[in-house]
1. Under 16 Å from the Cα of A:Lys10, which aspartates and glutamates turn up, not counting those fewer than eight places away in the same chain?
2. Going by alpha carbons, how many degrees (0 to 90, nearest 10) lie between the helix axis of B:220-234 and the longest principal axis of chain B?
3. Under a 5 Å amide H to amide H cut-off, with H placed in plane at 1.01 Å, what residues pair with B:Arg116 once short-range neighbours are removed?
4. Considering only DSSP beta bridges with both partners in the protein assembly as shown, what is the antiparallel share in %, to the nearest 5?
5. Rounded, prolate or oblate: which one fits the range B:88-168, using the alpha carbon gyration tensor with axes a ≥ b ≥ c (rounded when a/c is under 1.5, else prolate when a/b beats b/c, else oblate)?
6. Which residues does a label at B:Val298 reach in the range B:429-461, if reach means a backbone N under 13 Å from a point 7 Å past the Cα toward the Cβ?
7. Could you compute how much accessible area chains B and A hide from each other, both sides summed, with a 1.4 Å probe? Nearest 100 Å² is fine.
8. If you keep only loop residues by DSSP, which trypsin sites (Lys or Arg not before Pro) in the range B:414-517 have at most 12 other Cβ atoms within 10 Å of their Cβ?
Amino acid sequence: MTLDLLPIGKPARIVAVDWASLAEEEALRLQALGVDEGAKVSVAYRGIFSGRDPIALTVGRMTVALRRAHARAMLVEPITA
Amino acid sequence: MTAPRSAALVGNPNAGKSALFNALTGARQKIANYPGVTVERKAGRLVLPGGAMLELTDLPGSYGLNATSPDEEVTRRVILGELPGEPAPEVLVLVLDAANLEQHLVFAQEVIALGRPTVVALNMVDLAERDGLVIDPLALEQALGVPVVPTVAVRRRGLVELIAAIASASERTSDPHLAHVTLTERRVTAHAIAEAAIVSETARHRLHAKLDQLFLHPWLGPLILFGLLFVVFQAVFAGATPFADALEGGIGALTDLARSQIPPGLARDLLTEGILSGVGSVVVFLPQIVILFFFILVMEASGYMARAAFLMDRLMASVGLSGRSFIPLLSSFACAIPGIMATRSISDPRDRLTTILIAPLMTCSARLPVYAVIIAAFIPNRAVLPGIGLQGLVLLGLYVFGIVAAMLVALVLRRSITKGAASGFIMELPKYQMPRLGDLLIGLWQRAWIFLRRAGTIIFMVTVVLWLLLNFPRAGEGENQIDASIAGKIANGLAVVVEPIGFNRDIALSLIPAMAAREVAVSSLATSYAVGADDEDLQAKALGERLSADWSLPTALAFLAWFVFAPQCMSTIAVTRRETNGWKWPGFMLAYLFGLAYLFAGLTYWTAVWLGL
């Protein structure tokens with residue numbers, strides 16, 4: 001499953017990221033924010049007015065906003081909290 | 001060992017660096033730009049225990065030494081001593097957010113590996129404790145190999161200890177091995193260090209998760225944001241009026257004083273008609289700017305601004321921008337200048353350029369006097385619906401017109417001149433925090449000072465030049481001064497160009513001095529209609545009567561449409577030149593905005609004439 005399909009509140013681990021599909025600057029920024037392979041994440045909020053963009057992701061003790069296009073490049077597997 | 005003379009605060013964004021900087025240096029700060037780049041350099045002084053002075057700089061927040069924005073690039077070059085004219089700081093003060101330790105330790109390792117004298121400020125320990133985190137500074141110190149001082153910048157805790165640690169920061173040697181550690185390895189190390197330093201961690205009971213449930217709610221969130229924006233605009237336009245009136249009164253009193261004390265002549269006219277009315281007409285916007293910045297600073301310091309960007313992202317994405325552009329565009333409603341300066345936080349250069357180019361389309365406060373005079377003179381004061389007047393509706397329409405135009409221009413630009421991959425939106429949503437009054441006041445003072453300094457320099461000079469153009473050569477006997485002046489001659493030429501869109505020579509004449517600032521159009525119309533009232537309100541009233549007698553309704557509507565677009569503000573052009581490092585983009589901005597102004601004024605005029613208005 002890719003991260004954009006992860007249900008809200010469900011903890012998951014990022015198992016693979018297709019960095020090549022992201023702009024280099026965006027890849028660096030995501031990595032700097034800890035959104036990287038191996039990170040434990042969960043989707044906190046998604047979109048406004050029933051839209052699906054952007055996504056607020058909980059990473060550790062941080063909340064990171066990103067777009068669905070970024071989330072689609074990330075393969076996640078659900079974990080038990 | 002001699003005491004260090006310079007130090008710099010380094011750290012991730014949202015580590016509380018600015019609050020720590022304010023707490024350490026107080027209000028005595030110097031804001032300038034780094035040489036050759038348009039990134040703000042904030043510096044202040046603090047006294048070391050031995051009595052020596054140390055210059056402390058606050059470097060832009062950074063996630064790592066491989067920069068992804070102009071701000072981060074400056075931080076990297078300053079730390080490494082690569083920025084010409086800016087010697088590397090002798091001591092690096094690493095600011096870490098205690099509540100977000102693991103994340104911040106990633107960049108910290110990179111900085112510590114440089115082997116420079118380094119001190120760690122473990123900041124916001126109180127918020128960490130509120131989140132149920134207890135951290136052992138000694139364990140952290142041993143793991144990092146540099147002194148660690150727990151601080152709470154907003155409560156001034158740990159400052160004395162931190163200053164002592166800066167004063168005695170010792171030389172270190174860099175470990176060549178550490179410089180080649182990968183990001184993943186650093187993250188593993190960060191996790192291990194954080195695990196070891198965290199004494200206890202209870203279940204998270206975080207206030208900000210609850211606030212986010214409200215502010216990021218898919219339906220309530222946007223409603224709260226729009227409600228808040230409504231309050232902000234109300235405050236900016238209604239709340240500022242008494243202060244603006246008082247300032248206007250003060251300027252009027254100064255003018256009267258000059259009239260009574262200085263003998264009549266060119267020198268007195270230069271002072272009263274030129275300097276006082278020109279610079280004064282800009283200074284009266286200070287209250288609005290201060291009020292708008294108060295809200296912006298509160299929204300930023302509390303952490304809400306990042307949520308606003310999150311909520312606006314979807315909307316901005318539809319025209320090819322991102323939520324990050326929202327903050328600069330919001331500022332532009334007060335004045336495009338701080339708005340354009342706020343684009344520095346946008347990392348994508350194409351996004352940033354697009355935002356700069358559309359910022360002047362947001363209805364800034366300088367357009368209000370122009371709109372107010374024309375609407376009062378031409379739009380009947382009657383209610384469309386109970387409580388909703390036609391005049392107010394027209395004013396609102398002009399605001400909406402500007403916003404819609406900006407969105408359409410952004411859409412076109414992102415598909416042509418600033419074409420490129422769709423810009424992303426990646427940003428940290430920081431913890432909510434109670435803003436500290438002292439920090440707000442320092443921020444407000446700095447914004448106000450930058451604005452006043454500009455009024456005292458650029459606007460002052462332009463005003464004097466325009467006054468000279470209007471007054472020389474001197475008119476002969478029985479000749480109108482404006483007709484004889486250089487400006488009058490230019491107006492004659494311009495009148496030919498603007499005639500097709502319904503503008504008369506008086507309008508053409510008023511457009512020339514209005515290049516300095518849009519609101520000058522009002523006072524120069526008044527001058528050319530020779531209404532001899534000093535008070536601007538009185539002038540506006542009398543002017544309104546003259547206008548409704550002299551202008552047709554299509555001309556008035558065309559004039560309004562013109563000012564939705566016309567880039568008549570020297571300061572905006574100047575700041576665009578500075579922020580884009582050249583004349584190319586301000587030139588483009590002038591061309592496209594004047595083009596649209598001409599087109600839409602024309603369309604308005606022709607349509608109105610055709611409708612028989």
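The values are calculated or read from the model by the stated rules, or taken from the named source; none is laboratory data. Here the structure is a predicted model, which is why all the values come from computation and not from measurement. With ideal geometry, Cβ positions are generated from the backbone for all residues, glycine too; neighbour counts draw on all protein chains shown. Surface accessibility is based on the protein's heavy atoms, side chains included, excluding ligands, DNA and RNA. Shrake-Rupley method; radii C 1.70, N 1.55, O 1.52, S 1.80 Å.
1. Output for A:Lys10: A:Glu77.
2. Value to nearest ten degrees: 50.
3. Answer set, sorted by chain and number: none.
4. Values: 38 of 56 bridges.
Around 70 percent of the beta bridges assigned by DSSP in the protein assembly as shown are antiparallel ones.
5. Oblate shape, in that a/c is at least 1.5 and b/c is the bigger or equal ratio.
6. Answer for this model: B:434-437, B:440-441.
7. Details: alone 27620 and 5020 Å², together 29420 Å².
Chains B and A together bury approximately 3200 Å².
8. Numbers: sites: B:Arg414, B:Arg415, B:Lys419, B:Lys431, B:Arg436, B:Arg447, B:Arg453, B:Arg454, B:Arg474, B:Lys489, B:Arg505; in loops: B:Lys419, B:Lys431, B:Arg436, B:Arg474.
Here the sparse-neighbourhood loop sites are B:Lys419, B:Arg474.
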